[in-house]
1. Would a scan of the range A:29-51 turn up a residue that is in contact with an Asp or Glu (Cβ under 8 Å, 6 or more places away or on another chain) and in a loop (DSSP other than H, G, I, E, B)?
2. When you look at residue A:138, is it outside any strand (DSSP E or B), closer than 27 Å to residue A:56 by Cα, more than 13 Å from every other protein chain (Cβ to nearest Cβ) and touching a Ser or Thr at 6+ places or on another chain (Cβ under 9 Å), yes or no?
3. With the structure loaded, tell me whether residue B:82 is polar (S, T, N, Q), touching a residue at least 60 places away in the same chain (Cβ under 8 Å) and not assigned by TED's automatic domain parsing to the domain that holds residue B:270 or whether it fails that test.
4. Filter the range A:1-15 for residues that are more than 10 Å from chain B (Cβ to nearest Cβ) and modelled with pLDDT of 95 or more; which is farthest from residue B:228 (Cα to Cα)?
5. Within the range A:178-195, how many residues are more than 11 Å from every other protein chain (Cβ to nearest Cβ), aliphatic (A, V, I, L, M) and part of a loop (DSSP other than H, G, I, E, B)?
6. Which of the residues belonging to the range A:71-90 are modelled with pLDDT under 90 and either within 29 Å of residue B:17 (Cβ to Cβ) or within 12 Å of another protein chain (Cβ to nearest Cβ) (or both)?
7. Using the structure shown, decide if residue A:144 is assigned to a loop (DSSP other than H, G, I, E, B) and under 21 Å from the mean Cα position of the chain (by Cα).
8. Those residues that are among the aliphatic types (A, V, I, L, M), assigned to a loop (DSSP other than H, G, I, E, B) and at pLDDT below 95, I need them from the range B:135-165; list them, please.
Amino acid sequence: MGRFNLQYKPFGNRAVLVEWPQKIDAKIQEDVWFFKNLIEQNCIKSILEIIAAYNSITILYKSTIENAYSEISVLKTLYEGENFVVRQDAKLWEIPVCYHIDLAPDLVSLSVIKKLTIEQIIKLHTAPFYSVCFIGFLPGFLYLSGLEEQLVTARKTIPDKHVSKGSVAIGENQTGIYPMDSPGGWHVIGNSPLNFFNVKNQNPCFASAGDKIKFTPIGKDDYFAIKSAVENGDFLPNHSF
Amino acid sequence: MIEIIKSGLYSTVQDLGRSGFAHLGVPVSGVMDQFSAKLANEIIGNHINAAVIEMTLIGGVFKFNCDTCIAITGADMVPKLNGLAVSTYKPIKIDKGDVVSFSASKHGCRTYIAVSGGIKTAKVLNSRSLFKSVTTEGSLKNDDMLSIDEQNLELKEAYSKIKNQRFDQSILEVFTGPEFDSLSPEQQKSMLSSEFTISNLNNRMGYQLIEHIDNNLNPIITSAVLPGTVQLTPGGKLIILMRDAQTTGGYPRVLQLSDQAINLLAQKKTGDKVTFSLITMNQF
């Protein structure tokens, strides 16, 4: 394969960083996942884990790297070789979101900034099939790409000290859901009653990189009904392949 | 059981952390000063990954409800056993009902208590390390009870001769970070030749330094960060990420601390001075 010209850099003496061209791009993201899966399928014993992002993967090694250049050459050979990966089945997750102003502290201000009605914001935000690019920042925080151009909004200059669990928010050209209470600088336009990180589940985060997300607007009554069902452990998000 | 009579300023249970979950955004966590914590475990014959108590700046008071053996390493918090001074870096025999107490640190920042067999709190995602949002609590509270195994061991005469003088060192060994080469030679020189002061923004997630570096770098496309990654913020502040750091970030990663440097920094506190010393790659 070897579709891109990759940069390989030692990252300290326990990791190697592999970088694609400096942009957020669907083709690059596909190739990031391809290479990550390829490395994982080859079960290289010295590797502990891989952190993938938009245009990079960081490979963590179990112990100090004796010779970074020999590890890098193993990776290069793998990428440049005639390899194929068994693709994981990507899922499409339907995520209920309540866009009521009681649960969306920044919806009114965003409507003023973007000169859009609240209805237009909801329509634009629920239209796309977002891609889960990777999970980072907080346990279970999905970085989603695919936000409509009209909703792109600079982050707040001063981050909020408290953003509630479930907050659905916009920051620059990304949108995401806060899986737990946290400080944060994105504009909160709704709230999802689902649990995005639960250590009691075998897989603590139901979605994984490569999956698709579609937001479904719900009213306040449905929001609280789903929220209590989630707390009782008898609500699972809908998904299709 | 260990009864937490006083938790101290900020005390947690930590092992060597939870690796393998970074792809879900879960920090590694684990003891801040791995050198001291591993040593505490080794002194009493534990596995190095056994869970220990990590105390920060001001220690706590602990009552043991069974016989066991402990070792204390790291910062000097003037440990006492039933009110009498007790040695650090040695196995200490504990009888049921004994009380071990600590004061404010005289030297260093973090103290470790290893208990024979390790602390047996519940594992979450393969680790006993406390981290709020993965575990229910992030730190120990007064009246908490920690499970341990009752052990009636013959005390071994093994003890470590290593004392905590090494905390006086102020040189942090670093590698260049992924964005180091984007800095101008002047910026690189200023970062590698200046002395930096640790600000009061220092905790298990990261240490912010007071002095500025001129910064004209653009943010990077969000990418992985590691414990020990030194980020340069748009305002020109350096932040050294520590064990509870997030898994990804958007600030340029200008330096990367060695494991030993992370351990040393974990013993530094507000106002302490540090400098960076570059390790070249062929010195691996």
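1. Yes, the conditions are met somewhere in the range A:29-51.
2. No: the conditions fail for residue A:138.
3. Criteria not met by residue B:82.
4. A:6
5. Summing the residues that are more than 11 Å from every other protein chain (Cβ to nearest Cβ), aliphatic (A, V, I, L, M) and part of a loop (DSSP other than H, G, I, E, B) in the range A:178-195 gives 1.
6. Residue satisfying the conditions is A:88 alone.
7. No; evaluated as a whole, the condition is false for this residue.
8. B:153, B:155, B:158, B:162
The values are calculated or read from the model by the stated rules, or taken from the named source; none is laboratory data. Keep in mind that this is a model prediction, so the values were computed, not measured. Counting neighbours? That spans all protein chains shown, and the Cβs are built from the backbone with ideal geometry, glycine included.
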